[in-house]
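What follows is a single structure, written as structure tokens, with notes after it.
Computed from the coordinates by the stated procedures, all read-outs in this text should not be read as laboratory data. Only a predicted model underlies this, so the values are computations on that prediction, with no experimental measurement involved. A quick note on method: Cβ atoms are made from the backbone with ideal geometry, for glycine too, and the neighbour counts reach across all protein chains shown.
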Amino acid sequence: MLALQTHQLAHRFTKEHWAVQHVNLHVPAQSIYCFLGPNGAGKTTTLRLLLGLIQPSMGQISFFPNSPSAHRTDLMRRIGACIEIPSLYHHLNAEENLKIYSIIYSTPRQRIDEVLRIVDLLDAKTKKISQFSLGMKQRLSIAIALLHRPELVILDEPTNGLDPQGIVEMRQTITHLNQSEGITFLISSHLLSEVEKLATHIGVIHLGHLRFEGSMADLQAASAHHARWVIRTDNDAAARAIIREHFQLLPENEHDLCYAHPDTELGLHINRVLHLNEIGVYEIAQHHHDLESHFLRLIQNA
């Protein structure tokens, strides 16, 4: 079941400049879907389109496609969001900011302390926003997004302004809310290491096009498909010729014995053949691409 789906979503700011083109997102319910891409890739534009902050030039957006109610107002009440710079009343304190939104959302006042506790700001609830750091403002905006108990939360770069400890705490909070309350998260990010630790599903966008979409298992399988075998011998020239003859493989370059091949048993077979041909083998190792390597491959291929 999907929490969000788009079909051929596109937007252009000028006649020549398409910021987003033909984006087909499939965000499973109760997933942590990380929308990954470099700066200027189209992440924020896509999130703004989803929330109706800008109108698409073409394409469709469907929230909770199997929901009996398709009225946008009803659907948006089931969604929380924090996009770009947090929008807060700086002359008020944290609790007062949340009271305003609790009136808008018709949520009970006790929920204010609950969400402040979730984002670790309960001790700062009487502190004015003008005295908040950027990281504290980011966490308060996420508290606002959680105030009305949404089923889907959309966050644009939620770790911006956070120190390393804050990043870890944010990751733990998102994971806890996802697992304990079944909240679906759609999160944009360019921090590859965090995405790898957090995401259940990933979409990679670059130059406005969706380059990859799938689960972490799909990504790991794609990474394994691009595995490389690295071989070192006492006679690389002879080994290169033997491997070419027996396995019809060519190295990636003429200087090293590096072969792109996903077979997990290839090294065993190569070692046996080289040994029979009296070639001394110092090393045979299979190297898999991590998320960063695979991400860069997707971008470079684009």
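From helices alone, the chain scores -11500 deg cm²/dmol at 222 nm; the rule is -39500 (n - 2.57) for each run of n ≥ 4 DSSP H residues, then divide by the residue total. Neighbour counting of Cβ atoms within 10 Å sorts the residues SER141, SER62, SER133, fewest neighbours leading, into SER133, SER62, SER141. Relative to the dominant Cα principal axis of the chain, helix 94-105 is inclined by about 80°. Phi angles of region 120-136 translate, via the Karplus equation with coefficients 6.51, -1.76, 1.60 and θ = phi - 60°, into HN-Hα couplings of 6, 10, 4, 6, 10, 5, 9, 8, 5, 5, 4, 9, 7, 6, 4, x, 5 Hz per residue; Gly and Pro are given as x. Using only alpha-carbon positions in region 226-301, the gyration tensor eigenvalues give semi-axes of 25, 12, 10 Å once each is multiplied by 5 and square-rooted (largest first).
On a 0 to 90 degree scale, rounded to 10, what angle separates helix 216-225 from the longest Cα axis of the chain? The angle comes out at about 20 degrees. Figure legend: label point modelled 7 angstrom from the Cα of SER106 along Cα→Cβ; residues of region 139-153 with amide N under 16 Å from it are 148-150. With neighbours defined as other Cβ atoms within 10 Å of a residue's Cβ, the residues HIS17, HIS176 order from fewest to most as HIS17, HIS176.
Extending 7 Å from Cα along the Cβ direction at LYS127 and again at LEU92 yields two label points whose distance is 1.9 nm. Around the amide H of CYS34, modelled in the peptide plane, lie the amide H atoms of ILE187, THR200, HIS201, ILE202, GLY203, all under 5 Å away and 5 or more residues distant in sequence or on another chain. Across all directions, the shadow cast by the convex hull of the chain built on its C-alpha atoms averages 20.1 square nanometres. For the chain, the longest principal axis of the C-alpha atoms and the axis of helix 164-181 are separated by about 80°.
Neighbour counts of C-beta atoms inside 10 Å place THR126, THR175, THR44 in the sequence THR126, THR175, THR44, starting with the fewest. For region 23-51 versus region 128-178, the inter-centroid distance based on Cα atoms is 18 Å. Between GLU252 and ALA29, residue separation times 0.36 nm minus the direct Cα-Cα distance comes to 76.1 nm.
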